[in-house]
Amino acid sequence: MSSFTDIPKNYQKKIDKEIFSIFEIETYNKELVFIDDDVLQGMTEDFDAESFYKIIEQEVHLGYFYLGTAPSKADVFDYIVIFDKDMIIKKIKILAYREDWGGEITSKRWLKQFKGSDPSTSLKYGSDVMGISGATISARSMTNAVNALLLNLSKLQE
């Protein structure tokens, strides 16, 4: 799992665009979420605490975003999950997909399936999340990554 402590500029522009659109704001601050060591020990090892941020506008907490990496067939892809302040998924966007095949998972229409999921949700690939012919590995991987993230966030809420 790669750490995004310093978010690349090209990613930051994409993240800003999504956050501005979702929350209908023009500026915001991001703040790394502090996670107590005891809680962190109960989370899965693929959770990167250095990639979970709070979205704040004029001292008002609007939501969160998590920057993650998931495996595809021969490489990895980078994604962002944007949550409201109650940790309900507002949007997922693939920031970089590095394979020749399976790029269909970057489709807004396909990613929309995750919207509304929260830490109590567990999604099943093939029933809750539609499969994609030719992108099975990446689609399954994205579903697993979202499930793992939601599971970890449920521990954060406890």
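What follows is calculated from the coordinates using simple rules that are stated; it is not laboratory data. Just so you know, these numbers come straight off a predicted model, no measurement behind them. Glycine gets a Cβ as well: all are built from the backbone with ideal geometry, and neighbour counts include every protein chain shown.
Compared with the dominant Cα axis of the chain, that is its longest principal axis, helix 9-23 is turned about 80°. Converting phi to 3J(HN,Hα) with the Karplus coefficients 6.51, -1.76 and 1.60 and the offset θ = phi - 60°, region 99-113 yields 9, 6, 10, x, x, 4, 5, 7, 5, 4, 4, 5, 5, 4, 4 Hz in sequence order, with x at every glycine or proline. Two numbers describe the Cα atoms of region 94-148: Rg and Dmax, which are 10.8, 34 Å. Averaging over all projection directions, the Cα-based convex hull of region 1-90 occupies 6.6 nm² in the image plane.
When the trypsin sites (Lys or Arg not before Pro) in region 43-141 are filtered for DSSP coil states and for at most 14 other beta-carbon atoms within 10 Å of their beta-carbon, the remaining sites are K73, K85, R98, K115, K124.
Across region 59-136, Cα-Cα pairs farther apart than 15 Å form 61% of the total. Comparing the chain with the 2.2 N^0.38 Å rule of thumb, its C-alpha radius of gyration ratio is 0.99 (two decimals).
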